[in-house]
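Below is one structure, written out as structure tokens, with a few remarks after it.
Computed from the coordinates by the stated procedures, all read-outs in this text should not be read as laboratory data. Because the structure is predicted, anything quoted here is derived from the model rather than measured. Heads up, the Cβs are rebuilt from the backbone with ideal geometry, glycines too, and the neighbour counts pull from every protein chain shown.
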Amino acid sequence: EAPRTVLLTGAAGGVGTLMRELLPPYGYRLRLFDQRPIDGEPDAITADLADRKALREAVRDVDAIIHLAGISLEAPFEQILRANIEGTHHLYEAAREEGVRRVVFASSNHAVGFTPRPADGSAAIPVDTPHRPDTFYGLSKGFGEDLASLYWDLHGIETASLRIGSCYPRPTSVRMLSIWLSPADCARLLHASLTAKDVGHTVAYASSANTRLWWDLSTARALGYDPQDDSETYAAQLIAAQGELSWDNPEHTHLGGAFCTDPPRWPH
Ligand code: NAI
Ligand code: 15L
């Protein structure tokens with residue numbers, strides 16, 4: 001039976017805002033959680049992941065959790081520790097205490113960001129490539145994946161850890177042509193992750209069916225995901241403006257792109 005009431009953490013953020021529109025048509029009732037208030041959503045829970053009491057109340061009686069909350073760019077280690085590492089631990093503890101059986105964790109390509117990107121035509125990066133973070137941010141996503149693995153083995157809580165590429169309305173760089181996840185495909189993948197029968201702990205790359213794909217989508221497809229979009233529609237225009245990817249540019253040589261050289265910073 002499909003989970004119906006789903007806690008969406010990070011609901012005020014970029015992906016959260018897109019999913020607040022795109023998930024309800026699949027039949028979900030979303031409970032929203034973020035440290036920032038959300039315009040027009042008086043019932044949203046405004047709390048920090050450090051607030052264990054608020055988290056426990058937030059997960060009570062939900063069928064599943066989509067965990068997007070956290071710092072989504074590079075930041076000083078202490079901030080990543082608090083929001084992404086301790087925060088994700090608090091979330092799993094709340095899930096365990098309240099008996100929630102299914103989590104979808106927003107991991108990131110930056111958990112493996114220092115992996116060299118495939119050369120044109122060479123084999124796609126496999127899901128079991130070793131963690132190779134490009135930032136403290138990416139390190140925290142590797143931690144989240146391992147935490148999910150532990151809570152599956154120890155407590156039977158299932159998680160789909162989705163290594164999201166770039167989820168925006170459209171790709172804005174040549175790198176993104178390879179890793180773009182359209183919002184509609186993101187909703188498809190979340191729905192698949194919430195309804196798949198046997199998830200255990202599944203790690204999956206999360207992108208659309210891009211012509212220039214860098215990684216293996218088979219574990220995502222095994223969850224029932226059938227991507228419908230391809231960034232190729234935007235390729236000619238982006239390449240005309242920015243040029244092809246080159247092996248002379250360090251921003252182009254690894255999966256994590258600029259996170260490997262000059263990572264974008266969390267502003268706070
Ligand atoms: P975002 O930065 O727009 O949203 C994150 C949300 O989490 C924000 O609304 C923020 O207020 C909330 N948050 C941060 N720390 C918190 C805390 N301690 N307690 C409660 N709420 C907190 O990020 P975006 O782009 O929406 O990404 C969502 C998730 O997906 C993040 O975990 C990010 O790391 C991950 N991701 C996103 C990608 C993308 O392309 N947008 C790519 C790969 C991963
Ligand atoms: C991420 O993990 C970030 O959260 C997002 O802001 C994008 O920069 C994305 O990766 C990316 O690699 O493009």
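Odds and ends about this structure:
- In nm, spacing of pseudo-spin labels at residue 81 and residue 228 (7 Å Cα→C-beta vector): 4.5 nm
- Sites matching chymotrypsin sites (Phe, Trp or Tyr not before Pro) across region 174-268 that sit in DSSP coil, with at most 10 neighbouring C-beta atoms within 10 Å: 247
- Rounded to the nearest 20, the size of the Cβ-charge dipole of the chain about its Cα centre is 260 debye, with Lys and Arg at +1 and Asp and Glu at -1.
- The chain - percent relative contact order, Cα under 8 Å, separation 6 or more: 19 percent
- What the Cα atoms of the chain give is an Rg and a Dmax of 17.7, 53 Å.
- Region 30-73: trypsin sites (Lys or Arg not before Pro) in DSSP loop, at most 14 other beta carbons within 10 Å: 60
- Euclidean distance of C-alpha centroids, region 1-72 and region 152-177, integer Å: 17 Å
- Hydrodynamic analysis of region 115-228 uses the Kirkwood radius over alpha carbon pairs. Inserted into Stokes-Einstein at 37 °C and 0.692 mPa s, it gives a translational diffusion coefficient of 224 µm²/s.
- Given charges at Cβ of Lys, Arg, Asp, Glu: the chain dipole, positive-most of 236, 92, 219: 92
- Only helical runs count toward this figure. For the chain, summing -39,500 (n - 2.57) over DSSP H runs of n ≥ 4 and dividing by all residues gives -9000 deg cm²/dmol at 222 nm.
- Annotation for region 193-263: GluC sites (Glu not before Pro) lying in DSSP loop with at most 14 further Cβ atoms inside 10 Å of their Cβ are 244.
- Computed over region 117-268, relative contact order equals 25 percent, with contacts defined as Cα pairs under 8 Å that lie 6+ residues apart.
- Considering only the chain, percent of DSSP beta bridges that pair antiparallel, nearest 5: 5 percent
- The three principal axes of the C-alpha atoms in region 6-152 carry coordinate ranges of 48, 34, 29 Å, sorted with the longest axis first.
- Unit charges at the beta carbon, dipole of region 5-260: most positive-side option, 139, 42, 171: 42
- Think of each Lys and Arg Cβ as +1 and each Asp and Glu Cβ as -1; about the Cα centre, that makes the dipole of region 137-268 roughly 220 debye.
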